[in-house]
Structure formats: C-alpha cells, structure tokens
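Below is one structure; the comments refer to it alone.
Each value in this text was obtained by applying a stated rule to the coordinates, not by laboratory testing. Here the structure is a predicted model, which means the values were calculated and not measured. No Cβ is skipped: glycine too gets one built from the backbone with ideal geometry, and neighbour counts run over all protein chains shown.
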Amino acid sequence: PIQVKKICCIGAGYVGGPTCAVIALKCPHIQVTIVDLNQQRIDAWNSDELPIYEPGLDEVVKAARGKNLFFSTDVDKGIEEADLIFVSVNTPTKKSGIGAGFAADLKFLQLATRRIAEVAKSSKIVVEKSTVPCRTADAMRTILEANSKPGCSFDILSNPEFLAEGTAIEDLFAPDRVLIGSLQTQQGKDACEALTQVYANWVPRERILTVGLWSSELSKLAANAMLAQRISSVNALSAICEATGANIDEVAYAVGKDTRMGSKFLKASVGFGGSCFQKDILNLVYLSESLHLPEVAKYWRAVVEMNEYQKSRFANKVVDTLFNTITGKKIAILGWAFKKDTGDTRESPAITLANHFLNEKARINIYDPQVSKDQIWLDLTDYGDIPAEPIKPHVTISQSVEEACHNAEAIVVCTEWDEFKKLDWQKIYDNCPRPAFVFDGRLILDRKALTNIGFKVTTIGTGDRL
Ligand code: NAD
Ligand code: UDX
C-alpha cells in the first residue's frame, strides 16, 4: 500500500487548520504543511495568537508546530512536496450568476485544483475536504487529468469533515466516524487505504467508513441537512409551546428520551447560525432542483425558512413586549458568535437581530467574550456593503456584560456562553430602568430567579405561565 509521508492542506481555515494540526499531532512520522494565500492568516497561525478561537487548539498547535507541522503561504512548494493533498478551501453560497443564493461557489476549489495540476511533478492523492455538491470530485478529476504532466496520475478521495466549531479538537480526537469516499477501482481503493492508514493512527478502524465517492459527498450534505432539520423542528414546536403554555425543554426532553430519537441537538433557540447549515441545505435544494426533484427541494428549503421565521419571530417579540416600539431604546445584545466557545460569527442569528433592532431605530449595545470589535463592525456593515456612518451613533460595543446592560431597557441573550449563566443579575437589575426586560434566546437563564428579582422574562418556547 501507498505510505503517506508528506501531507499538504490547501486552506488554513476553521477546518483545514484544526484538522491537519490534529493529524500532525497524532502522526509524528508524517510532515504536515498547511498553506493558504492569506498572509495574515498564516502569520497568525505561526504566532501565539492563532487566527481562530477553539478550545484545546493552542495546545495541539504548540505541540506540533515546527516539528512536523508547518504553516506557509508557499502553496506551490506545499503541493510539490506532498504525497497527499487536502483541499479545504471555502465553498460559500454563490452571490451572482446561475444558482445565485443557492448553489455552492466552487471557484476557490477549482483554482486550488488547477494549481495542483499545474505544479505537481509526481502522482498525488487529492482529497476533497471542503463540503461540495454531489459529483464535484468528477469535475476535479477532469481538471486534474486535462492539465497534468506525463507520468503524473491523480486519485481523488472525498473525506468530508464533521467537526463542529467550539468542540473541534474533541471531535477530531474522537470522531463518531471518519468518512472516506473513493472510486471503486483498484487504484481508488488503494488511495482510500492510504488515507485510512493516516486516520488509523488514532481512530479505531471500525469508525473509518469507506464508501463510494458520490455517497461520501452526499452524506455530508445529508448530515447537515438532517441536523438542521431537528433544530427547525424543535423551533417550530417552540412557537406552539409559547401559544399554549407547554414548555419546549420539557417537550424536547420527553421526545429525546425515545432511544430512536436521542436527546442531542434538540435545543430550541433563536435560530441556527454558522457557516455550514444554511449554505449546505441551500446547496441540497439547488442539487434537488437541478435533478428535477422540486418536491424534494421544497422539503429542504422549509428547514431554512423555518429558521428565518424563528429569528424574525423572536425579534418581533422583543418589539411587541416593549410596548410596540423600541425607537431610541437601549437594547443589550449578549453574545455575537453563532454558538458558544467560538469567535466565529458567520450567519450568527445575533446579526439578524441587531439589524432588525437597528431598523426599528433602537440603540444597541453588544458584548461577546470572543468576537473582536472589528469583526462586529464587518458583520454590521456586511463587509462594507452597508455604510457604517448612519448606524454608528446607534451602536456601542462593550467590554463587559455589566457595561452592555447598564441602563438597558431590554437584555437579549443571543449566544449560550457559560458566563451568562453565572451573572450577578441583581446588580444588573439595579442598573436597569423599570420595567426591566430579559429575552432568553438560548434557554440558559433561570427564569424563576430572574422573575423573583423583578425582571420581566421572555423565553423561547415557554408561555407566560411559569
Ligand atoms: P475558511 O474560510 O475558514 O477557510 C478557507 C481558507 O481557504 C481561507 O483561509 C482561504 O484564504 C483559503 N483559500 C481559498 N482559496 C485558496 C487557494 N486557491 N489556495 C490557498 N488557499 C485558499 O473556511 P472553513 O470554515 O475552514 O471551511 C472550509 C470548507 O470546509 C468549506 O467547504 C466548508 O463548507 C467545510 N466545512 C466547514 C466546517 C466548519 O465548521 N467551519 C465544518 C465542516 C466542513
Ligand atoms: C455543524 C455540524 O454540527 C458539523 O457536524 C459540521 O461539520 C459543520 O456544521 P457547527 O455549525 O460548527 O457544526 O455547529 P453546531 O453545533 O452544529 O451548531 C450550529 C448552529 O445550531 C448553532 O447556531 C447552534 O447554536 C445551533 N443549535 C445547535 C441549536 O440551536 N440547537 C441545538 O440543539 C444545536
């Protein structure tokens, strides 16, 4: 079998960085080089301030960096030296052209693939790590074969990543499964075995699933769509709970006790965020439509629509509760990241809520323990598409919860950071005008205790009755 000695990963982002750092740590005999075009990102990976916040990541990088783990902008050298190349570049939703708003934009993936074909002087195993539409590996193979030099052959594998942000290192150390898709030819199977051996350094063999290429690609979209569907289902039920006095946590607990269902991933919320769920479902919608399966497309689209509904329903609830107007009122937003234990804000529901409140001419005061001021401004201006000047007087970014909540007429919890569970709510209450409103978009607060202090508490998925 082929022995992998040198790995190159193209794309030093949320997936490429942690995944290949863990491979380096677990496989000291393999040299791992992570390359990216973004100089600033690579510099950060080489510094003490890593470009992403992820519990446990610092330790992993420190243990391997400079030994068998390297970060570089020299993409060509990385490609040339490697036996196996992960392509872990971003595949965002297309903003214009055919499939705009739904299809995945594969330009970064294709550029990286083309570069491999141009630079490679020996045979390579090319691994699709990015999340892509079904049959993308076919396009990659065509690009590679059409541009390769004599004597160079390429094997394509699909190896989607299932890590979740905030628990990436845990997930990578002990994955539920590793999925590898390959062509069912002898050559394809040999390449698959080579990658299997890399993971087998720390993942039990029975957790390494080997399947056909197209199943592997589709499984990634399917997993994300079905996970998001659980959240949209529970969020849809949360609206019924609010109208009836049932409690969504009790309902989810009762439902999740069924071993066929399982208790995880049934937490009602202000809506799901993150760079993956919406993008991957829209991708599946587009795929279904391209395959002339409009009913299937409609089914999955509803998962995203329910999520949009949940976000706007919650925002409207804030306005309604504050006597139908928030104009000029100060609203504290606690949490900006799309979930706890990450500084990532892509598709964070907090952004949608903030925009809603700004549209209503409220003044917002934002606090998040891990998101930088610059990032919050990038999100509020949609990376420069919305002018900052008109909203500047209405936005404050605070360094502490106390500062954000001082004099706030409403406090809105958008991210489930652990520190929000342990706040001195009495002190916060003392600094708020009356009536003081709290909106718990994550079901993390002790509603009874806050009500006893004097707060008017609104929680997703619970009626007015306690
Ligand atoms: P990211 O934007 O954080 O990182 C992608 C990196 O690729 C960027 O740093 C970019 O500069 C670099 N890049 C783009 N084109 C390049 C090129 N031609 N050469 C070199 N570098 C290039 O994205 P991410 O969150 O790491 O996601 C990467 C892929 O993994 C996506 O397809 C995503 O859907 C998938 N995925 C993401 C997650 C997640 O939790 N973020 C989980 C599973 C799968
Ligand atoms: C997701 C998948 O879980 C992961 O397997 C895949 O590789 C990438 O996409 P991620 O987006 O990083 O991971 O985080 P995840 O934990 O799935 O949370 C996504 C969103 O759903 C967050 O906004 C989270 O707060 C929300 N969520 C999650 C809920 O609202 N309720 C839940 O019960 C779980």
Computed about the Cα centre, the charge dipole of the range 1-132 from +1 Lys/Arg and -1 Asp/Glu charges at the Cβ has a magnitude in debye, to the nearest 20, of 380
Are any of the pairs K257/K422; K5/K129; K330/K373; K189/K220 more than 25 Å apart by Cα-Cα distance, and if so, which? K257/K422
Distance in nm between pseudo-label sites at K264 and R135 (7 Å out along the Cβ direction from Cα): 3.3
Rg (one decimal) and Dmax (whole number) from the Cα set of the range 100-142, in Å, equal 11.4, 38
At 37 °C in a medium of viscosity 0.692 mPa s, the range 129-198 has a Stokes-Einstein diffusion coefficient, with Rh taken as the Kirkwood radius over alpha carbon pairs, in µm² per second, of 238
Can you tell me, using C-alpha contacts under 8 Å and at least 6 residues apart, the relative contact order of the chain as a whole percent? 12
Checking the a/c ratio against 1.5 first, then a/b against b/c, what shape does the Cα gyration tensor give for the range 284-350? oblate
Only helical DSSP H runs with n ≥ 4 go in: add -39500 (n - 2.57) per run for the chain, normalise by residue count and round the 222 nm mean residue ellipticity to 500 deg cm²/dmol. -13000 deg cm²/dmol
How many angstrom separate the Cα center of the range 347-397 from the Cα center of the range 69-111? 29
What's the extension gain from D58 to Q426 if we count 0.36 nm per residue and subtract their Cα-Cα distance? 128.9 nm
Which chymotrypsin sites (Phe, Trp or Tyr not before Pro) does the range 345-392 hold that lie in a coil by DSSP with at most 14 other beta carbons within 10 Å? Y383
The range 63-119: Lys pairs at Cα distance under 25 angstrom, eight or more positions apart or on different chains: 4
Dipole-positive endmost among L322, L282, G343 within the range 255-380 (Cβ charges, Cα centre): L322
List every residue whose amide H lies under 5 Å from the amide H of S153, counting only residues 5 or more places away in sequence or on a different chain, with H placed 1.01 Å from N in the peptide plane. S123, K124
Reach of K448 by Cα under 17 Å, taken over aspartates and glutamates that are not fewer than 8 positions away in the same chain: E242, D249, E250, D424, D440, D464
Which trypsin sites (Lys or Arg not before Pro) from the range 81-118 combine a DSSP loop assignment with at most 10 other Cβ atoms within 10 Å? K95
Can you compute 3J(HN,Hα) from phi for each residue in the range 110-126, using the Karplus curve 6.51 cos²θ - 1.76 cosθ + 1.60 with θ = phi - 60°, rounded to whole Hz and x for Gly and Pro? 6, 4, 5, 4, 4, 5, 4, 4, 6, 8, 4, 10, 9, 5, 9, 9, 10
How big is the dipole moment of the chain about its Cα centre under a simple scheme where the beta carbon of each Lys and Arg is +1, that of each Asp and Glu is -1, and everything else is neutral? Debye, nearest 20, please. 500
At 25 °C and a viscosity of 0.890 mPa s, what translational diffusion coefficient does Stokes-Einstein give for the range 185-323, taking Rh as the Kirkwood radius over Cα pairs? Give it in µm²/s as a whole number. 138
Whole-Hz couplings from phi, Karplus 6.51/-1.76/1.60, listed for the range 367-384; x for Gly and Pro: 9, 8, x, 10, 9, 6, 4, 4, 5, 4, 5, 4, 5, 5, 9, 6, 6, x
In percent, how large is the relative contact order of the range 210-362, given Cα pairs closer than 8 Å and 6 or more residues apart? 23
For the chain, what does the equivalent ellipsoid look like in terms of its semi-axes, each the square root of 5 times an eigenvalue of the Cα gyration tensor, given largest first in whole Å? 43, 24, 21
With no solvent and one equal point scatterer placed on each C-alpha of the range 1-157, evaluate the Debye formula and give log10 I(q)/I(0) for q = 0.11, 0.13, 0.20 Å⁻¹, two decimals. -0.43, -0.60, -1.25
If I stretch the segment between D418 and Q110 completely, what's the gain in nm (0.36 nm per residue apart, minus their alpha carbon distance), one decimal? 106.8 nm
What ranking do C20, C152 get, fewest neighbouring Cβ atoms within 10 angstrom at the top? C152, C20
At 7 Å along Cα-to-Cβ for each site, give me the label-to-label distance between D176 and N316 in nm. 3.3
Global size of the range 321-466 as Cα Rg and Dmax, reported in angstrom: 14.5, 44
Across the range 423-438, in residue order, what do the Karplus-derived ³J(HN,Hα) couplings come to in whole Hz, using 6.51 cos²θ - 1.76 cosθ + 1.60 with θ = phi - 60° and x for Gly and Pro? 6, 7, 5, 4, 5, 5, 4, 4, 9, 10, x, 9, x, 9, 10, 10
Please identify the trypsin sites (Lys or Arg not before Pro) of the range 235-297 that satisfy two criteria: DSSP loop assignment and at most 14 other Cβ atoms within 10 Å. Which are they? K257, R260, K264
